[in-house]
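Encoded as structure tokens, the structure appears first; notes follow it.
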Amino acid sequence: MRAQIFPAHTVDGAIELPGDKSISHRYGMLGAIAEGTTRITNYSNGADCQSTLGCIRALGVEIERRDEVVHIAGRGLDGLTEAAGLLDAGNSGSTIRMLSGILAAQPFTTRIGGDESLSRRPMDRIMNPLRKMGACIEARDNRFPPLTIRGAKLHSLEYTLPVASAQVKSCVLLAGLYADGITIVHEPVRTRDHTELALQGFGAELEVQGRTITLTGRPRLHGCDLHVPGDISSAAFFLVAALIVSESSLTIYNVGLNPTRTALLDFLAGMGAQIKVLDVRASGGELTGDILVRKSAIRGGILEKAQTAALIDEIPVLAVLGAASQDGLSVRDAAELRVKETDRIATIADNFARMGLKIDVRDDGFDVPGRQAFRATELDSFGDHRIAMAFSIAALIADGPCIMNGAEAASVSFPDFFDTLRRVAG
């Protein structure tokens with residue numbers, strides 16, 4: 001699909017965003033292995049989260065959507081059944097990585113894979129700890145999907161993540177639900193804690209002390225009534241749009257404000273963004289609030305170390321912001337970008353070149369000068385939802401209309417992205 005994006009004179013109004021992808025995945029998986037019914041409002045309508053529901057439905061879980069509420073009839077820890085064929089995770093790394101922790105403990109064999117993009121994404125970081133817990137997992141070239149997981153009785157593990165990753169942490173904790181004894185995970189830096197909050201909400205015995213998470217195995221999880229806040233990663237695109245387009249003032253309602261995710265707001269504020277957080281409230285252990293953002297004089301910034309890990313998904317649109325800022329943006333310690341849906345360092349650089357923008361690329365990051373002029377051109381998503389959305393925002397300040405090829409990629413996380421963009425940017 002080709003989408004045409006015109007330069008914008010302002011970004012204004014008020015919007016609500018789809019449910020947070022990260023939280024939706026976790027609520028869906030835990031609802032499947034809880035006892036009783038879990039009801040989830042504002043479950044993400046993105047393709048990735050639908051892949052999670054498709055996989056757990058194939059494992060014998062009854063799922064129904066009524067009046068915009070997803071109803072999951074949980075089967076308990078030991079109630080899943082063998083799928084008739086390959087589980088299809090689509091483009092979703094979250095689905096395959098986290099669900100593998102549950103599949104590793106089942107009394108049957110499962111094959112799980114996905115699309116061409118997912119098939120290029122390495123899985124050894126989950127395979128290694130799961131094998132230490134007793135799981136039997138095979139992969140193409142011992143690293144890539146599809147995975148063949150032969151369920152086994154798991155034993156507890158004390159594991160230090162070699163690289164900060166909320167998905168790997170979550171995989172180990174989900175496997176730890178099935179292990180006898182105590183599973184302990186140490187993080188090198190703090191990552192998003194949606195899994196920990198969700199586990200506690202479903203009734204698991206879990207403690208967090210600093211960067212160490214301790215989970216007691218074999219709990220009885222119970223179904224819950226849950227609300228998924230708006231996705232702050234999706235909000236990032238509209239925050240940047242309002243910051244770079246003149247005369248903008250935009251309100252985003254019901255955004256998730258989990259402290260492990262609000263590094264984005266802190267980083268933007270440090271660059272000079274005029275952002276106000278309004279009406280903060282709590283639901284199911286997750287904080288939610290409204291965000292008001294206005295056109296601002298954005299300075300520059302350096303993204304490195306723990307901050308890079310916290311903002312890894314937002315880096316494509318932050319690169320756009322850097323080129324429009326006064327002093328530019330430097331991104332370091334971001335080698336993880338090379339193994340996302342695309343090599344995002346390469347795809348950012350490719351679209352920068354198309355728009356006549358300068359970027360100095362390194363193996364683990366890049367430097368973007370500020371005060372650059374954005375040239376109208378044909379852009380490419382390369383099948384990556386965050387690249388599609390980030391450069392559609394860049395098109396708002398180009399010197400003429402732009403075309404986004406592969407615009408349908410945005411539906412992975414935000415099916416209504418272009419409709420929402422047209423509504424606030426004209």
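The values are calculated or read from the model by the stated rules, or taken from the named source; none is laboratory data. Note that the coordinates shown come from a computational prediction; the quantities given were computed from them, not determined experimentally. Note that we place each Cβ from the backbone using ideal geometry, even for glycine, and neighbour counts take in every protein chain shown.
Quick notes
- Filtered by the rule that a residue be within 29 Å of residue 382 (Cβ to Cβ) and surrounded by 20 or more Cβ atoms within 10 Å (Cβ to Cβ), the stretch 98-132 gives 98, 99, 100, 112, 114, 118, 123, 126, 127.
- Cβ separations smaller than 8 Å between residues 6+ apart or across chains give the following pairs from the stretch 407-425 residues that are farther than 9 Å from residue 3 by Cβ to residues that are among the basic types (Lys, Arg): 413/21; 413/386.
- Criterion (of a type in the set (Asp, Glu), surrounded by fewer than 19 Cβ atoms within 10 Å (Cβ to Cβ) and either within 23 Å of the chain's Cα centre (by Cα) or not assigned by TED's automatic domain parsing to the domain that holds residue 203 (or both)) met by exactly one of 82, 68: 68
- Filter result (in contact with a Leu (Cβ under 8 Å, 6 or more places away or on another chain) and among the charged types (D, E, K, R)) within the stretch 318-340: 332
- Breaking point among (1) surrounded by 19 or more Cβ atoms within 10 Å (Cβ to Cβ); (2) out of contact with any Asp or Glu (no Cβ under 8 Å at 6 or more places or on another chain); (3) assigned to a loop (DSSP other than H, G, I, E, B), for residue 167: (3)
- Subset of the stretch 225-253 [charged (D, E, K, R) and crowded, with 22+ Cβ neighbours inside 10 Å]: 231
- Pair list, Cβ < 7 Å and 6+ apart or interchain, from the stretch 259-274 residues that are closer than 19 Å to residue 230 by Cα to residues that are buried (at least 19 other Cβ atoms within 10 Å of the Cβ) and of a type in the set (Lys, Arg): 260/192; 261/192
- Single residue of the stretch 310-354 satisfying the filter (among the basic types (Lys, Arg) and assigned to a helix (DSSP H, G or I)) that is farthest from residue 189 (Cα to Cα): 354
- Some residue of the stretch 35-52 being outside any loop (DSSP other than H, G, I, E, B) and within 30 Å of residue 375 (Cβ to Cβ): no
- Breaking point among (1) crowded, with 18+ Cβ neighbours inside 10 Å; (2) over 18 Å from residue 165 (Cα atoms), for residue 276: (1)
- Qualifying residue in the stretch 154-161 (condition: part of a helix (DSSP H, G or I), under 20 Å from the mean Cα position of the chain (by Cα) and crowded, with 18+ Cβ neighbours inside 10 Å): no
- With a requirement of 2 or more residues that are modelled with pLDDT under 95 and more than 26 Å from residue 169 (Cβ to Cβ), the strands (runs of 3 or more DSSP E) lying completely within the stretch 60-122 that satisfy it span 62-66.
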